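Please read the structure below before turning to the comments.
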Amino acid sequence: KSGLTYVHPLLRRNNWASRSLALAGNFNMTNVDEMFEQLISEGQHPRDYADTFVMLESLGHYLDREVQYQYDKIEKSDLNGQQVSHRIEEKLDIPFLLKRASKLWDGGYALCGLIGCGDTFTLRDPWGIRSAFYYFDDEVAVVASERPVIQTAFNLKKDDVHELQPGEAFIVKRNGTITTQQILEPKEKITPCSFERIYFSRGSDYDIYRERKKLGELLVPEIVETINNDFENTVFSFIPNTAEVAYFGMLEGLEKHFNHNKAVELLEKRDQLTPGEVEMILAKRVRSEKVAIKDIKLRTFIAQGKSRNDLAA
């Protein structure tokens, strides 16, 4: 399937601003069947089975109920139609809405929503599977799945950008009020997506960079055993490009191991070595080269099937 209908944000349109909802995010739900059945039990007839649409309708359902609840409280006042609508928009309880809607959600998600009246929210799953970072000041409020993009766009230091904690929501009301609230209790074992942190995340992030270097360094004992300590006939390289940072960590670990071996050899033979032999031992280095070079003609392009032939030479 393709087209704007399947591109985030997805829209749930309504003539009432407070009932309109736009949804975007990074998520993969594991219990779509259960969520789908819940919507049916509430009397709905969902038009699509995909988790994105089910999430949209799940949130939309509880948004409708929250709006109706506020309307029932306000309708007997002296306010007229427009005033009632504005008062409902002011009184919308986003944390309560999120708590009710997310009870059944099971999976990893960093979910962003925009209500037609101008309220926005971001909710992170209680397992911390999907990442989310935020920054705000007197002029802007921003949420992204990675810290470096916020730092780059707004010229910020690492400590200026905060991580949205598991189960926590970042909420911006239409009047500019910004809060973070715990919506779901964090799970006892926080399990960030390993693929996202190791492979998919930007290597320029402060923590990601150090993690990847450490991963490379931790490979050293197994590598040394595999090559039987034969550094003279071994060349080290990396593939794919995202492995480069881990490669640097591996080289540093290999250099430490290599230097230790050279120190041991020098001490054991210190009474027998000539200056030339000492120089030869000290000159030994880990052989590192760039073996796989990705030619620009081999780069990957993502396109719709109907236009793919236009890209072929």
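The values are calculated or read from the model by the stated rules, or taken from the named source; none is laboratory data. Remember, it's a predicted structure, so these values are computed and weren't measured experimentally. All Cβ positions, even for glycine, are placed from backbone atoms using ideal geometry, and neighbour counts span all protein chains on display.
Inside region 4-50, residues that are modelled with pLDDT under 85, more than 21 Å from the chain's Cα centre (by Cα) and loosely packed, with under 12 Cβ neighbours inside 10 Å make up a count of 6.
Scanning region 39-55 for residues that are within 18 Å of D125 (Cβ to Cβ) and not aliphatic (A, V, I, L, M) yields D51, T52.
The listed residues are R100, R87, and the only one of them that is over 35 Å from the mean Cα position of the chain (by Cα) and either free of Cβ contacts under 8 Å to residues at least 40 places away in the same chain or not assigned by TED's automatic domain parsing to the domain that holds N15 (or both) turns out to be R87. Filter region 34-54 for residues that are assigned to a loop (DSSP other than H, G, I, E, B) and either under 22 Å from T5 (Cβ atoms) or out of contact with any helix residue (DSSP H, G or I) (no Cβ under 9 Å at 6 or more places or on another chain) (or both) and give the result. Answer for region 34-54, where residues must be assigned to a loop (DSSP other than H, G, I, E, B) and either under 22 Å from T5 (Cβ atoms) or out of contact with any helix residue (DSSP H, G or I) (no Cβ under 9 Å at 6 or more places or on another chain) (or both): G43, Q44, H45, P46, R47, D48, Y49, A50.
Residue by residue, here is whether (1) aromatic (F, W, Y); (2) within 13 Å of I178 (Cα to Cα); (3) outside any loop (DSSP other than H, G, I, E, B); (4) modelled with pLDDT of 95 or more holds:
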position	(1), (2), (3), (4)
T122	no, yes, yes, yes
S131	no, no, no, no
Y135	yes, yes, yes, yes
V142	no, yes, yes, yes
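Residues of region 51-81 that are of a type in the set (F, W, Y) and under 34 Å from the mean Cα position of the chain (by Cα): F53, Y62. Of the residues G113, G118, the single one that is small (G, A, S), under 28 Å from the mean Cα position of the chain (by Cα) and crowded, with 17+ Cβ neighbours inside 10 Å is G113.
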